[in-house]
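This report concerns only the one structure given below.
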Amino acid sequence: RVNRTDFLNALDEVQPAFGVSKEEMEQVVENGIIHYGSIVDDLLRSGELFVDQVRMSTRTPLVSILLHGPPGSGKTALAATIAQASQFPFMKLVSPDSMVGFSESQKVAAIAKVFSDSYKSPLSVVVVDNLERLLDFTPIGPRFSNSVLQTLMVLLARRPPKGRRLLIIATSSLRPVLTDLGLSEIFDSELRVPPIASLSALSLVLRELELFSSDKERQKAVAMLTQAGFSGEDEGVSKLNVGIKKLLTIVEMARQEPEAVAERLTAALMGLGM
Ligand code: ATP
Ligand code: MG
C-alpha cells in the first residue's frame, strides 16, 4: 500500500526541472568558507547588499556583478555562498563543468534555458561561473566561441519580464580578457577576490584547519615561513601568494607527513610562482 510517507519520499526524489539546485551550489563550497581576513567578510557583505538591492528596489530588476581574481582565489565558492544566502526561490549555477562535451549550440541552448527558467520566478539568482571557460577561451590565437559570447552579451544585459527580478553573479580569472571581448562593461559592479598574501591570513587558515596540534606549533611554522623569506606585510616584498583552493590542497598534503608538517608547508609555498 502506498501511504503518505511514500508519497512524500517520492517528492523528495523528484529533481525539479527548474528552481533551486541546492546540491550544485553546495558542492562548490564543499570545504566551507574560512574567514581568514576582513576581505572575506567584506565580499560576503557586498554580495548581501546586491541581493537586498534586487529584493527591495523596484528600479533595478536586474543587477549583475563580476567576481574576479587569480585562479583558485575562491570566486566560485563565494559566488555560490552569496547566491545560497539569498534564499531566492530560483537559484541556478551555470558552470562549464556541467557542459563538458557540449557543442557550441548545446551550450548556447543550456545557458538560454537557465535564463528563461529564471524569468518564471519573481526572484532569481544565476551564477555564471568561469566565463572564460564557458567561452572556450584560449590565449593562443586567441580563440573563443563567438556564439556563446553573443548569447552571454544579450542575457547578461536583458531585463527580466515585468515583475521579475534577477541577480547575476559571474566569475572570471581573466579579467583583462573580458574587456577585450567587450563583456566587462555589462556588469553593474565588480568585486576582486584576492589571493592570500599575508602570513596572518595564512596562520588563520592553518588554525581553522587544525593542521598543527597546538598554537605554539603553528606559530613555529609561521616563524619558519618568515625565516624562509616570506614577509608578514601585505605590501612590500611579500612573496606569499596563494589561492585558498591551492592552500587547502597544500595543507592536506602536509598533513600526510606528521613529522615534517612545517617543512612540507614551507617547501610547497616556496614552490609557488616566485
Ligand atoms: P578557479 O579559479 O579554479 O575557478 P576559484 O577561485 O573559483 O577557482 P573555488 O573553486 O571557489 O576557487 O575554490 C575555493 C575552495 O576553498 C572551495 O573549496 C571553498 O570551499 C574553499 N574556501 C575556504 N575558505 C574560503 C573563502 N574564504 N573563500 C572562498 N573559498 C573558500
Ligand atoms: Mg571557479
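General observations
- Residues that are in contact (Cβ under 8 Å) with a residue 60 or more places away in the chain, touching a His at 6+ places or on another chain (Cβ under 7 Å) and open to solvent by less than 20 Å² (accessible area, probe 1.4 Å) do occur in segment 172-181.
- Within segment 127-165, the set of residues being of a type in the set (A, V, I, L, M) and either within 16 Å of ligand 1 (Cβ to nearest atom) or in a loop (DSSP other than H, G, I, E, B) (or both) comprises 127, 128, 131, 134, 135, 140.
- Screening residue 25 against (1) modelled with pLDDT under 95; (2) surrounded by fewer than 19 Cβ atoms within 10 Å (Cβ to Cβ) leaves a single unmet condition, (2).
- Taking the numbered list (1) part of a helix (DSSP H, G or I); (2) among the hydroxyl-bearing types (Ser, Thr, Tyr); (3) surrounded by fewer than 13 Cβ atoms within 10 Å (Cβ to Cβ) in turn, residue 58 passes all entries but (1).
- Whichever residue in segment 61-100 is part of a strand (DSSP E or B) and more than 15 Å from the chain's Cα centre (by Cα) and, among such residues, is nearest to residue 32 (Cα to Cα): 90
- Positions within segment 36-46 being more than 18 Å from residue 190 (Cβ to Cβ) and surrounded by 13 or more Cβ atoms within 10 Å (Cβ to Cβ), in sequence order: 36, 37
- Checking residue 83 against (1) surrounded by fewer than 17 Cβ atoms within 10 Å (Cβ to Cβ); (2) in contact with a Leu (Cβ under 8 Å, 6 or more places away or on another chain); (3) within 15 Å of residue 165 (Cβ to Cβ), the condition it does not meet: (1)
- Within segment 182-203, tally of residues that are surrounded by fewer than 17 Cβ atoms within 10 Å (Cβ to Cβ), assigned to a loop (DSSP other than H, G, I, E, B) and touching a strand residue (DSSP E or B) at 6+ places or on another chain (Cβ under 7 Å): 1
- Any hit, segment 214-226, residues being in contact with a Ser or Thr (Cβ under 9 Å, 6 or more places away or on another chain) and in contact (Cβ under 8 Å) with a residue 60 or more places away in the chain: no
The values are calculated or read from the model by the stated rules, or taken from the named source; none is laboratory data. Treat the numbers as computed from the prediction; the structure is a model and nothing was measured. Using ideal geometry, Cβ is built from the backbone for each residue, glycine included, and neighbour counts are taken over all protein chains shown. What goes into the accessible areas is simple: the full protein's heavy atoms, side chains included, and nothing from ligands, DNA or RNA. Shrake-Rupley method; radii C 1.70, N 1.55, O 1.52, S 1.80 Å.
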